[in-house]
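S.K.: After the structure tokens below, expect a handful of questions from me.
The values are calculated or read from the model by the stated rules, or taken from the named source; none is laboratory data. Please read all numbers here as calculations on a predicted model, not as lab measurements. All Cβ positions, even for glycine, are placed from backbone atoms using ideal geometry, and neighbour counts span all protein chains on display. For the accessible areas, the whole protein counts, side chains as well, though only heavy atoms, and no ligand, DNA or RNA atoms are used. Shrake-Rupley method; radii C 1.70, N 1.55, O 1.52, S 1.80 Å.
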Amino acid sequence: MIPATGQIPLEEEESRAREERLHTLFETSPDPIYLKDGEGRWLEANEAGLQVFRLSKADYRGRTDLELSEFDDFFREAFIACFESDQRAWAAGRASQQVEVVPQPDGGSRIFDVIKVPLFYPDGRRKSLIILGREVTLRYKAEQERDRLLLQEQEARAVAEEARRRSEFLATASRRLAGSLDYEATLSTVAWLAVPFLGEWCAVDLVGEEGRIHRAAVAAAPSWTEHARQLEDCTPDSQAARGIAEVIRTGNPVVFAPLPGEEALPSLCDHGGAHLPAVQAMGLRSALSVPLLARGRTMGALTLASARRDRYRDEDVALAMDLAWRAALAMDNARLYSESQEAIRARDEFLSVASHELRTPLTALMLSVQRLLRRASVGSELPRTTLVSMLEGTQRQGRRLSQLLDRLLDVSRLQARRVQLELEEMDLAEMARDVASLFEEELRRTDTPLTLRAEAPVLGRWDRSRLEQVVTNLLNNAIKYGAEAPIEVEIGAEGEMAVLSVKDRGIGIAPERLPFIFGRFERAVSTRHYGGLGLGLYIVRQLVELHGGTVHVESTPGQGTTFTVRLPRSGPLRGSVSSRSALSS
Ligand code: ADP
């Protein structure tokens, strides 16, 4: 049967019209659309799609992505990326979505949200791949900008939060440091303040006498207490070129880090690595040491350590310096406070000892005077010898009183640096003999033998009356603490130095008191058993040092004491350091 005329053309026309509509839709779509065959060859691409790769219609048909990548240097990478993404779409076996970025010759790039739909023949062979892109460059960039701003805001917030934490830390530190004037407690507070805010371990090292460094306080995170204890003995070597000694010497902060390949921090241990196992066990990998500065003086160093590598940045150094400054100030205040407390205590003790000391001879003197007065008022005559002995006793007490007052005056003069030496050529041996002869009566009374040995005159340029005071004070003590055993005084010379020694065999001095006996008001015996102001040896040392000399003591409890004075025979150097420092001690 022949089909009715006009029927077929109508269907064809409709199909053509549909095709045309589809084609128009395909061509005018602002979104790129591509159609590839099962081998990846480009079959169709609309205008928007060609534009992405700056292709013309003639360029692409029948070519695969890899062939196109050979053809265009600029888009090579982009074509290869498309090929790989196509492979993923085929492997997925169904419509899949991907983001593709295509760089553009103007320097920017276009970003597409791409849907790839693979079609298969019934037997599973690849038939064609439909690729629909939607440009999301603007949205993507807006999202990126939003993320960047968000990150920026988060960072700013973190910085502000960190600044708040730091200033809160310093405020707490100041509050706690101001809370106590106890020196030891302040040291420990300083160490504990820093843990864990500035590290897991902290040490306070102080410079002591003769520049030696000692570890004054240590704090560590609880889990490290055992190892940290070992590091308490790890005192920094003040002679070391690096490490904590360097910080104390230069007054500058130092950040320590292990050298490449090193696990521990040798700079934390100056004892040939003896404590390195503890440093290792604690896992300390970075440290920061800052000086403790107060009133222009480096008192020591505050050292912090952490298990984190590169823990200490510039802002941590600044924070630790700030903490150390506050800590040093608090420590200095606590030290001054305890010194002033000690001075007040010594003054109070001195006042009570002084009034006791003055009262004893005064009472004896008053008693003698009363007895004489009573006899005189009843008109009774006293035998001459009794009268002489009573007046001698009165004189002795009067002399004792005046000696005590002289000592007090000397001390205040020495302290006010008002002692002027009047130098003259003199013989030390002769002077010592003269002073010893003044003690004859007392030696007799106390039954104490004294021998004085001086083989030849010992000449020098000294202040006679001041050296008389030195010998008087030493003899006084030798008799007072000598337990009536023989006393030996010896005067000689060793080259340019004159040497005078006073040796007794008395009660001796306990070793722990020896370092203090030359201090003001310092005594090594109880006031109940022995009178005294604790000033005699202070005056001895000050006067000897004013002459540029030294005084040395050797003593064994129960066996006796020897004081040795050495004086330069040429007299003190003018304005010599030793005489000045003597006055300031
Ligand atoms: P004091 O007035 O107490 O004797 P000093 O300054 O002369 O004061 O001596 C200080 C302390 O040193 C004394 O209190 C005493 O304990 C001790 N001391 C001084 N000389 C001797 C000595 N020869 N033997 C034992 N102790 C001594």
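S.K.: So for the chain, if I pair up every lysine 8 or more residues apart or on another chain, how many of those pairs have alpha-carbons under 23 Å apart?
M.R.: Total qualifying Lys-Lys pairs in the chain comes to 7.
S.K.: In debye, nearest 20: dipole of the stretch 11-135 around its Cα centre with unit charges on the Cβ of K, R (+) and D, E (-)?
M.R.: Roughly 400 debye for the stretch 11-135.
S.K.: Ranked from the most accessible area to the least, with a 1.4 Å probe and all protein chains present, what is the order of M321, M282?
M.R.: Highest to lowest solvent-accessible surface, that is M321, M282.
S.K.: Now for a separate question. Please go through the stretch 50-122 and write out the trypsin sites (Lys or Arg not before Pro) that DSSP classes as loop and that have at most 15 other C-beta atoms within 10 Å.
M.R.: Here the sparse-neighbourhood loop sites are R54, R61, R94.
S.K.: Mind computing the radius of gyration and Dmax over the alpha-carbon atoms of the stretch 86-182? Å is fine for both.
M.R.: 27.8, 93
S.K.: Express the relative contact order of the stretch 179-341 as a whole percentage, based on alpha carbon pairs under 8 Å and six or more residues apart in sequence.
M.R.: In percent, rounded to a whole number, it is 25.
S.K.: If each DSSP helix of 4+ residues adds -39,500 (n - 2.57) and the sum is divided by the residues in the chain, what number results at 222 nm, nearest 500 deg cm²/dmol?
M.R.: -16000 deg cm²/dmol
S.K.: Would you kindly give the portion of the calculated P(r) for the stretch 68-118 that falls above 16 Å, as a percent of all Cα pairs?
M.R.: Tail of the P(r) past 16 Å holds 45 percent of the pairs.
S.K.: Also, I was wondering about something else. Please report Rg (one decimal) and Dmax (integer) in Å for the Cα set of the stretch 11-135.
M.R.: 14.9, 50
S.K.: Looking at L177, F256, S368, which one has the Cα that reaches farthest to the positive end of the dipole of the chain (charges on Cβ: Lys, Arg +1; Asp, Glu -1)?
M.R.: S368
S.K.: Using a 1.4 angstrom probe, figure out how much accessible area the chain has per residue, in square angstrom, rounded to the nearest whole.
M.R.: 57
S.K.: Once the convex hull of the C-alpha atoms of the stretch 129-230 is built, how many Å³ does it hold per residue, rounded to a whole number?
M.R.: 215
S.K.: Here's another thing I want to ask about it. Could you give me D for the stretch 443-555, from Stokes-Einstein at 20 °C and 1.002 mPa s, where the hydrodynamic radius is the Kirkwood radius over C-alpha pairs? Units µm² s⁻¹, please.
M.R.: The estimated diffusion coefficient comes to 142 µm²/s.
S.K.: What do you get for Rg/Rh of the chain when both radii come from the Cα atoms and Rh is the Kirkwood radius?
M.R.: Ratio value, two decimals: 1.44.
S.K.: Right, here's the next one. Go through A278, L50, L35 and say which Cα lies farthest out towards the positive end of the charge dipole of the chain; charges sit on Cβ, +1 for Lys and Arg, -1 for Asp and Glu.
M.R.: Positive-most Cα among the choices belongs to A278.
S.K.: Over the stretch 423-520, calculate the relative contact order: mean separation of alpha carbon pairs under 8 Å at least 6 apart, over the residue count, as a percent.
M.R.: 30
S.K.: Of all trypsin sites (Lys or Arg not before Pro) in the stretch 488-530, which ones are in loop regions per DSSP and have a Cβ with at most 15 other Cβ atoms within 10 Å?
M.R.: R528
S.K.: Same structure, new question: Considering every Cα-Cα pair within the stretch 294-395, what fraction, in whole percent, is farther apart than 24 Å?
M.R.: 62
S.K.: If exposed GluC sites (Glu not before Pro) are those in a DSSP loop with at most 12 other Cβ within 10 Å, what is the longest stretch of the chain that has none?
M.R.: 40-261
S.K.: At q = 0.20, 0.24 Å⁻¹, what log₁₀ I(q)/I(0) does a Debye calculation on the Cα points of the stretch 183-265 give, no solvent, two decimals?
M.R.: So the normalised log intensities are -1.09, -1.39.
S.K.: Once the piece of chain linking E47 and T363 is laid out straight, how much longer is it, given 0.36 nm per residue of separation minus the C-alpha distance between them?
M.R.: 100.9 nm
S.K.: Additional query: Give me the percent of accessible area attributable to carbon and sulfur for the chain, probe 1.4 angstrom.
M.R.: Whole-percent figure for carbon plus sulfur exposure: 53.
S.K.: Continuing with the same structure: Can you tell which of Q403, F74, H227 lies farthest toward the positive end of the dipole of the chain, using +1 and -1 charges on the Cβ of basic and acidic side chains (Lys, Arg; Asp, Glu)?
M.R.: The Cα lying farthest towards the positive end belongs to Q403.
S.K.: Ok, one more. Using the eigenvalues of the Cα gyration tensor, what equivalent ellipsoid semi-axes result for the stretch 406-452 when each is taken as the square root of five times the eigenvalue, whole Å, largest first?
M.R.: Ellipsoid semi-axes (Å, largest first): 28, 18, 7.
S.K.: Looking at the stretch 195-331 from every direction and averaging, what is the projected area of its Cα convex hull in nm²?
M.R.: About 7.8 nm², averaged over all directions.
S.K.: A follow-up question, please. Treating only the Cα positions of the stretch 380-483 as identical point scatterers, give the base-10 log of I(q)/I(0) from the Debye formula at each q in 0.16, 0.25 Å⁻¹.
M.R.: -0.90, -1.37
S.K.: Explain nothing, just compute: Karplus ³J(HN,Hα) = 6.51 cos²θ - 1.76 cosθ + 1.60, θ = phi - 60°, for every residue of the stretch 197-210 in order, whole Hz, x for Gly and Pro.
M.R.: 3J(HN,Hα) across the stretch 197-210, in whole Hz: 4, 10, x, 9, 8, 8, 10, 10, 10, 10, 8, x, 5, 6.
S.K.: Let me ask you something else. Of the trypsin sites (Lys or Arg not before Pro) in the stretch 400-486, which ones lie in a loop per DSSP and count no more than 16 other C-beta atoms within 10 Å?
M.R.: R417, R418
S.K.: In 10 Å bins starting at 0, how do the alpha-carbon pair distances of the stretch 249-317 split up by percent?
M.R.: P(r) for the stretch 249-317, in whole percents per bin: 21, 47, 27, 5, 0.
S.K.: On the first, second and third principal axes, largest extent first, how far apart are the outermost C-alpha atoms of the stretch 352-409 in Å?
M.R.: 40, 18, 13
S.K.: Sorted by accessible area (1.4 Å probe), largest first, how do S128, S377, S352 line up?
M.R.: Most to least solvent-accessible, the answer reads S377, S352, S128.
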